[in-house]
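The values are calculated or read from the model by the stated rules, or taken from the named source; none is laboratory data. Given the structure is predicted, the values throughout are model-derived calculations rather than measurements. As a convention, Cβ positions derive from the backbone with ideal geometry for all residues, glycine included, and neighbour counts pool all protein chains shown.
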Amino acid sequence: MSFFKRNKERMMVALVAIILIILIGVTSSERMALTKFEIILGNILTPIGKVSITISERISDFFSGIKNIVNLKEENEMLKKQVSLLEEENRNYLNIIGKTDYLRNELRLLENTKYNLIEAQVTGKEPGNWFNRFTIDKGLKDGVEKGNTVVQGIQIDQNTVIEGIVGRVVDVGDNWAKVVSIVDEDNRIAFKIIRTQDGGIISGNVDGRITGYLFDDKADVIKGDKLFTSGLGGAFVKDIYIGEIESVISDDNDLMKIIEIKPAIDFKKIYKVFIISD
Amino acid sequence: MVILILVLVVLVNLILQTTIFPYISVFGVEPNLALLAVISMAIFKGRFYGSFLGLTLGIIQDILFSPVLGVNSFILFFAGYLVGLLESKIIKDNLFIPILLSILGTIYYNFTYYIFMFFLSKNISFISFTRHVLLIETIYNCVLAIPIYKIFSKIYVAPKIRFGSK
């Protein structure tokens, strides 16, 4: 026994290390639900995070407000031009809808397939630069489930317009949930290009870009093509805007077309998100 | 007293790191406040408190954010323990010590993280990570190490006795 007594401290350190490694091994495979302890800890820490993130949002808004004053006039003029342009475009579309019964039916279909959205606030972001994850303040009590798709949207007269996809819920507690965003390396999304209906897969990168490849190397893609989720594999809800293509690199050796995507959302500034619950 | 400070450090660190730091990132890279706090704690209070703080901070981070539990706890626990082993051998007035330790600590943290991710079969290129993230993070961390070390030294170093008025 004297061996154990002499090396008590080292034994303790080794014991802690072994326990942690076992913990990593056990939790690395897909788990069904969180343990009780995790849920309780999350319940306590979520309100604290909510308060402090609201404060930091105000502060950063204030500073960016000051920065923007200089550009306001220019921006105003540009926006006015844009509004008139959009109005004209809108009139054209309305014309088309009015003319065709077929399109009217499709519009009705689109209106009926509304998602059930839950509004949530971001309460904290994962420290460190390896992954891109955050927590939100809605959980099991509000109907959030593991695997739900998270999107960002704008509320206009009780109607929510979905701006783009943010990520996926990976773990749920009572009143909080963990979300993995699409710029994370861990996430892979099946997409389709709205113009040509070509499909492929994209994933995040450690340096914050999103890259992917197309299933068909002869597919016709150009810069500026819009990407939507295709719903293949069932991980994400179908037909949600992801972003547009920033560059296309064709690799003749690998017989692949690699694309780089500019997401619709600024991932550095997410405060409020919507969860699509099925 | 020590426990009160520990709790305070854990809470303040968590709030700053998860809410404010993402908004003051440089080139999209955030500093690692938890690592710096653990290193400073270990320099002043030795391996026991250093490793204990590392373990607590790491477990909370793991539970709140990552699907795999234990990676952060493991890395921060050993950071606290290893730095704490040096506690009696280093001069605490020298500012060079925390800077050097924070550089070594950042490299150690990210390299160990990479090894774990490799065994968890996450396909991440370490070279691209080093080029885009690790370099900036190391600089950011060693700049930030100075104020954090100062705060800890205010708490732990007893005030000098002064005679008469200054």
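Scan region B:101-116 for residues that are within 20 Å of residue B:146 (Cβ to Cβ) and touching a residue at least 24 places away in the same chain (Cβ under 8 Å) and jot them down. The answer is B:101, B:102, B:103, B:105, B:106, B:107, B:108, B:109.
Here region B:39-52 is the region considered, the condition is being surrounded by fewer than 19 Cβ atoms within 10 Å (Cβ to Cβ) and more than 11 Å from chain A (Cβ to nearest Cβ), and the residue that is farthest from residue A:23 (Cα to Cα) is B:44. Is there a residue in region B:62-72 that is surrounded by 21 or more Cβ atoms within 10 Å (Cβ to Cβ), assigned to a helix (DSSP H, G or I), modelled with pLDDT of 85 or more and in contact with a Leu (Cβ under 7 Å, 6 or more places away or on another chain)? No, that holds for no residue. Take region A:13-42 and flag every residue that is within 13 Å of residue B:68 (Cα to Cα), at pLDDT 75 or above and of a type in the set (Gly, Ala, Ser). Once the filter is applied, which keeps residues that are within 13 Å of residue B:68 (Cα to Cα), at pLDDT 75 or above and of a type in the set (Gly, Ala, Ser), region A:13-42 yields only A:25. Checking every residue in region A:67-88 against the condition of being within 14 Å of chain B (Cβ to nearest Cβ) and at pLDDT below 75 gives at least one match.
Only residues that are crowded, with 16+ Cβ neighbours inside 10 Å, in a helix (DSSP H, G or I) and within 8 Å of chain A (Cβ to nearest Cβ) were counted across region B:111-142, and they come to 7. Pairs linking a residue in region A:11-26 that is in the same structural domain as residue A:38 (by TED's automatic domain parsing) and surrounded by fewer than 15 Cβ atoms within 10 Å (Cβ to Cβ) to a residue that is of a type in the set (Asp, Glu) and part of a helix (DSSP H, G or I), with Cβ atoms under 8 Å and 6 or more positions apart or on different chains, do not occur. Candidates are the residues of region A:202-230 that are aliphatic (A, V, I, L, M) and buried (at least 16 other Cβ atoms within 10 Å of the Cβ); the one that is farthest from the chain's Cα centre (by Cα) is A:219.
Each row is one residue, and each column tells you yes or no for (1) part of a helix (DSSP H, G or I); (2) over 24 Å from residue A:19 (Cα atoms); (3) more than 8 Å from chain A (Cβ to nearest Cβ); (4) modelled with pLDDT under 85.
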residue	(1), (2), (3), (4)
B:7	yes, no, yes, yes
B:10	yes, no, yes, yes
B:13	yes, yes, yes, yes
B:20	yes, yes, no, yes
B:23	yes, yes, no, yes
B:37	yes, no, yes, no
B:54	yes, no, yes, no
